[in-house]
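K.L.:
Here's a structure for you.
Quick note: the coordinates plus some simple rules give every number you see, no bench work behind them. Bear in mind that the values here come from a model prediction, so they are computed numbers and not experimental data. Don't worry about glycine lacking a Cβ; one is built from the backbone with ideal geometry, like all the others, and counts go over all protein chains shown.
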Amino acid sequence: MEKKEMLYEGKAKKIFRTDNPGLYWVEYKDDATAFNGLKKGTISGKGELNNRISAYFFRLLKQNGIENHFVEEKSAREMVVKSLQIIPVEVVVRNVAAGSLAKRLGLEEGTLLSSTVVEYYYKSDELGDPLINEDHIRALNLAAPEQLAHIREIALQVNDVLRAHLAERNLDLIDFKLEFGLHDGELLLGDEISPDTCRFWDKNTREKLDKDRFRRDLGDVEEAYREVYRRLTGR
């Protein structure tokens with residue numbers, strides 16, 4: 001397979017065309033951003049760690065019957081994925097109150113939610129990815145009702161698989177973001193699953209092992225990402 005010209009460069013990844021029109025080549029970057037790009041920096045080794053962690057989770061989900069865009073790893077920081085027509089709705093699944101949810105609802109961060117919360121955000125950098133509901137999605141024609149129902153079902157399945165898997169590694173899955181798209185008409189999970197898009201806390205110490213260490217200037221960001229990788233793989 002041949003890596004062709006770059007199609008798109010985002011905050012955390014570069015996307016390249018390949019000689020197969022149904023596949024893209026993804027390169028993960030060390031760049032870090034927060035607060036809709038207002039805070040910027042570099043986390044040494046982040047690209048490699050996010051690539052490897054995402055590949056790990058995508059393989060795990062496939063083993064549990066959840067199809068996604070992952071095809072194969074090509075290098076430490078590169079993978080090949082199925083091309084997707086992205087649905088412009090970001091899905092956030094929350095098990096514990098943290099971040100914006102804790103602020104919005106006046107909950108103490110770390111409060112266990114009595115039931116899992118699924119939120120939708122309009123994927124728009126210009127608008128700052130605002131929180132939306134099913135009526136907004138219908139009014140803006142972002143996704144068909146049956147697509148959204150399927151997306152919610154998959155998101156909750158992902159939550160069940162990851163939460164149980166991480167618990168065995170002494171990690172709590174606080175919340176996470178997912179993106180979906182269509183490949184030849186099939187709805188697939190896409191984007192990445194990494195400390196950039198998830199909140200992982202140590203079960204015992206409640207230490208944050210994710211991008212919040214960058215957002216909140218807690219330090220030891222790379223070490224936190226490496227600790228997640230170590231617990232997943234033993235390496």
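K.L.:
Among the residues of the range 60-81, count how many are buried (at least 20 other Cβ atoms within 10 Å of the Cβ), of a type in the set (Lys, Arg) and not in a loop (DSSP other than H, G, I, E, B).
P.N.:
Summing the residues that are buried (at least 20 other Cβ atoms within 10 Å of the Cβ), of a type in the set (Lys, Arg) and not in a loop (DSSP other than H, G, I, E, B) in the range 60-81 gives 0.
K.L.:
Residues GLU153, GLU134, GLU168: which one is surrounded by fewer than 17 Cβ atoms within 10 Å (Cβ to Cβ), over 20 Å from the mean Cα position of the chain (by Cα) and closer than 28 Å to ARG59 by Cα?
P.N.:
Residue meeting the stated conditions: GLU168.
K.L.:
Let me ask you something else. Quick check on the range 27-53: of everything there that is surrounded by fewer than 21 Cβ atoms within 10 Å (Cβ to Cβ) and either β-branched (Val, Ile, Thr) or in contact with a Pro (Cβ under 8 Å, 6 or more places away or on another chain) (or both), which residue is farthest from ALA76 (Cα to Cα)?
P.N.:
Per the criteria, the residue is THR33.
K.L.:
Count, please, the residues in the range 34-59 that happen to be closer than 19 Å to ASP220 by Cβ, outside any helix (DSSP H, G or I) and under 16 Å from the mean Cα position of the chain (by Cα).
P.N.:
Residues that pass the stated criteria total 1.
K.L.:
For the range 199-235, which residues satisfy the criterion of being of a type outside the set (D, E, K, R) and touching a residue at least 24 places away in the same chain (Cβ under 8 Å)?
P.N.:
PHE200, TRP201, ASN204, LEU209, PHE214, VAL221, ALA224, TYR225, VAL228, TYR229, LEU232, THR233
K.L.:
May I pose another question? Counting only residues that are assigned to a loop (DSSP other than H, G, I, E, B) and in contact (Cβ under 8 Å) with a residue 60 or more places away in the chain, which one in the range 1-26 is surrounded by the most Cβ atoms within 10 Å (Cβ to Cβ)?
P.N.:
My answer is ALA12.
K.L.:
Tally the residues that are of a type in the set (Val, Ile, Thr) and either touching a Cys at 6+ places or on another chain (Cβ under 9 Å) or under 14 Å from TYR121 (Cα atoms) (or both), restricting the search to the range 134-163.
P.N.:
2
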